Amino acid sequence: MNLASITKSIGRAPKSKKAMQESQDLVRQLSREIRTVSYLLHPPLLDENGLAGAIEWYIQGLTERSGLKIDLIMAKDFGRLPDDTEVAVFRILQECLTNILRHSGSRTATIRLVKGDHEVSLKVQDEGRGIPADKLTGIQSQRSGVGMTGMRERARYLKGDMSVQSNSHGTTVYVSIPLIVASELEKTQRAG
């Protein structure tokens, strides 16, 4: 449907013209939001510039939208990781920051991303109210909500580990993923 053509054919009827203009504005807004969601699910920058570029882009947008102050500690020459690892780390980071915004009450977050010879490690920390003890026990015993389970499964798929520590001064999520296993998984997927 072409709303611009319909708007022209309406002529000068003020109520109809206003309704059509509002419809056009709504379609433009929905288009922008769909594009944003698409980028958040798998940002093209992840493929084009790698994990470091995608994380910087995501943090900039999140900071602008939410006001959350985010410190990123990452080597300038971070480089590339296997595709599956980049997607997993990006999605885990997204979920961590979403949890901080939704649940922690913290206005700050610190991210430390380190690539070693044999593994990549991610640490995401906030200064919020912490996770209640009963919920933390569930998370640590791997009986937790969808977000935490998804993060753990992404790490586990790549033979990695995830742990969560929390108290009344904040929460820290640690993730480590071996790079050798990730590289082997990627080769197997390409061959199969």
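Quick look at the numbers
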item	result
Enumeration of residues in region 55-86 that are among the β-branched types (Val, Ile, Thr) and free of Cβ contacts under 8 Å to residues at least 60 places away in the same chain	Ile55, Ile59, Thr63, Ile70, Ile73
Test: residue in region 114-130 that is assigned to a helix (DSSP H, G or I) and not β-branched (Val, Ile, Thr)	no
Failed criterion for Arg154 (all others in (1) open to solvent by less than 90 Å² (accessible area, probe 1.4 Å); (2) in contact (Cβ under 8 Å) with a residue 60 or more places away in the chain; (3) over 27 Å from Lys69 (Cβ atoms); (4) not aliphatic (A, V, I, L, M) hold)	(3)
Residue in region 120-138 that is of a type in the set (S, T, N, Q) and modelled with pLDDT under 95 present	yes
Search result, residues across region 81-109 that are surrounded by 17 or more Cβ atoms within 10 Å (Cβ to Cβ), more than 20 Å from Leu136 (Cα to Cα) and among the polar types (S, T, N, Q)	Thr85
Residue match in region 44-51 (condition: surrounded by 10 or more Cβ atoms within 10 Å (Cβ to Cβ) and either at pLDDT below 80 or not in a helix (DSSP H, G or I) (or both))	yes
Out of Lys69, Lys76, sole residue that is open to solvent by 50 Å² or more (accessible area, probe 1.4 Å), at pLDDT 95 or above and not hydroxyl-bearing (Ser, Thr, Tyr)	Lys69
Single residue of region 157-182 satisfying the filter (modelled with pLDDT under 95, surrounded by 16 or more Cβ atoms within 10 Å (Cβ to Cβ) and among the small types (Gly, Ala, Ser)) that is nearest to Val89 (Cα to Cα)	Ala182
Flag if Leu26 is part of a helix (DSSP H, G or I), modelled with pLDDT of 75 or more and open to solvent by 90 Å² or more (accessible area, probe 1.4 Å)	yes
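The values are calculated or read from the model by the stated rules, or taken from the named source; none is laboratory data. Note that this is a predicted model, so its numbers are computed, not measured. A quick note on method: Cβ atoms are made from the backbone with ideal geometry, for glycine too, and the neighbour counts reach across all protein chains shown. Note: areas computed on protein heavy atoms with side chains; ligands, DNA, RNA excluded. Shrake-Rupley method; radii C 1.70, N 1.55, O 1.52, S 1.80 Å.
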